[in-house]
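In what follows, a single structure is set out as structure tokens and then discussed.
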Amino acid sequence: NLPHVAIVGATGAVGVEMLLCLEQRNFPLGKLTLLASARSAGKRMTFRGEEIEVKELTHDSFAGIDIALFSAGGSISQEFAPSAAAAGAIVIDNSSAFRMDPDVPLVVPEINPATAKNPARGIIANPNCTTIISLMALAPLHEAFGLESIIASSYQAVSGSGAQGIIELEQQVAAIVAGEEVVSKIYPRQIAFNVIPQVDVFTENGYTKEEMKMQNEGRKILGFPELKVSCTCVRVPVYRSHSVSITAKFSRPIDADAARAAYAGKPGIQVVDDPSTKLFPVPLDTTGKDDCLVGRIRKNLVLDNALDLWVVGDQVRKGAALNAVQIAEIL
Ligand code: A2P
Ligand code: 11C
């Protein structure tokens, strides 16, 4: 019997991509249920050539569902994921609501797939997108050279804020071109032709929540509570794909060639790195793609046993929808 899968938030930026990933990967499912807010009820979406009507999410939505992929925001997950689990579904939740719960596995299938088996609360968490993309580049190096610390800056696309982020950038560019007033609703400052050093809200230590996710989620995924992380997350006027500039320090000596060799045969990450031909990854290269790309690999000039690198990944896909579907494939 093939599983009955539900997508909660099917009409959102990540939900639409989940549908696409299930279709493109030929996910073995018997039935697909699409759930969103009352605003979208009755809307039709196409899956494998057939139209499926979107239903309003309620606490009774989960009877008979085996796997529920959630991406409708943290408060919806808090409220409805326990109902889904109580109805017997395994929840794969893309929000930050349950990630740090010790009874909820936090899974990147290429890194810690075994932790996804038999989740105690019936909930598995999908990590933060910037964290997933960074760890895709760091995990193979950690395995070979022993990671000690990370200093990173991110360049995050507006689709990380959902469909509304894309609309805000589009409208601001149009307004500027037309010589009209720029309106900011989603972002604290104008995002068009600008960069904003704030992603998510500030915490007491001066870092934002998004920045602290890299430390806290990184430690949990790698099973390495001593990992040191200091991060600056920046929103850039790019539609899709996050980039991260990382300085990583290791316990053993490392150089660029040894690092490139460590990626050989690792799934989900490709080296794109040849300064002599100006070859390096950019966000447009990964948009709509499954693999993360790593380049600009070089020895750090300040720290011992440290490397600088640049990793890019489609955060809607590997950073969210694809990672969730890969977890479902493990189940
Ligand atoms: P809807 O399109 O009906 O508003 P995004 O991250 O792109 O903003 O998408 C958010 C997703 O979460 C959408 O699918 C949205 O549905 C869904 N969503 C938002 N609020 C609710 C709600 N109260 N109940 C169910 N789904 C919701
Ligand atoms: C952004 N990374 O680009 C965020 C969105 O922890 O899942 C996802 C936040 C999260 O704004």
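The values are calculated or read from the model by the stated rules, or taken from the named source; none is laboratory data. This is a predicted model, so every value here is computed, not measured. In this analysis, Cβ positions are derived from the backbone assuming ideal geometry, glycine residues included, and neighbour counts consider all displayed protein chains. Heavy atoms of the whole protein, side chains included, go into the accessibility calculation; ligands, DNA and RNA do not. Shrake-Rupley method; radii C 1.70, N 1.55, O 1.52, S 1.80 Å.
A few points about this structure:
- Excluding same-chain neighbours fewer than eight residues apart, the lysines reachable from K318 by a Cα-Cα span under 19 Å are K213, K220, K266, K289.
- Charge tally for L169 (other residues, Cβ to Cβ under 14 Å; Lys, Arg +1; Asp, Glu -1): +2.
- Computed magnitude of the charge dipole of the chain (debye, nearest 20; Cβ of K, R +1, Cβ of D, E -1): 220 debye
- Relative contact order, percent, the chain [alpha-carbon distance under 8 Å, six or more residues apart]: 18 percent
- By the rule of a C-alpha distance below 18 Å, with chain neighbours fewer than 8 residues away ignored, the aspartates and glutamates paired with K117 are D66, D93, D101, D103, E329.
- Peptides 70-77, 245-252, 169-176, 203-210 ordered by packing proxy, namely the average of other Cβ atoms within 10 Å per residue, highest first: 70-77, 245-252, 169-176, 203-210.
- Shape analysis of the chain based on the Cα gyration tensor places the equivalent ellipsoid semi-axes at 32, 25, 18 Å, largest first.
- Structural descriptor for segment 130-315: relative contact order 29 percent, calculated from alpha carbon pairs under 8 angstrom and at least 6 residues apart.
- Axial C-alpha extent at least 15 Å, average Kyte-Doolittle at least 0.5 - helices from the chain (DSSP): 13-24, 129-145, 163-177
- Hydrodynamic radius by Kirkwood, which averages 1/r over all alpha carbon pairs of segment 196-331, in angstrom: 16.5 Å
- Per residue, in Å², the accessible surface of the chain once ligands and nucleic acids are set aside, probe 1.4 Å: 45 Å²
- In the chain, the DSSP beta bridges split such that about 45 percent are antiparallel, to the nearest 5.
- Taking label points 7 Å from Cα along the Cα-to-Cβ direction, A114 and S149 give a separation of 3.0 nm.
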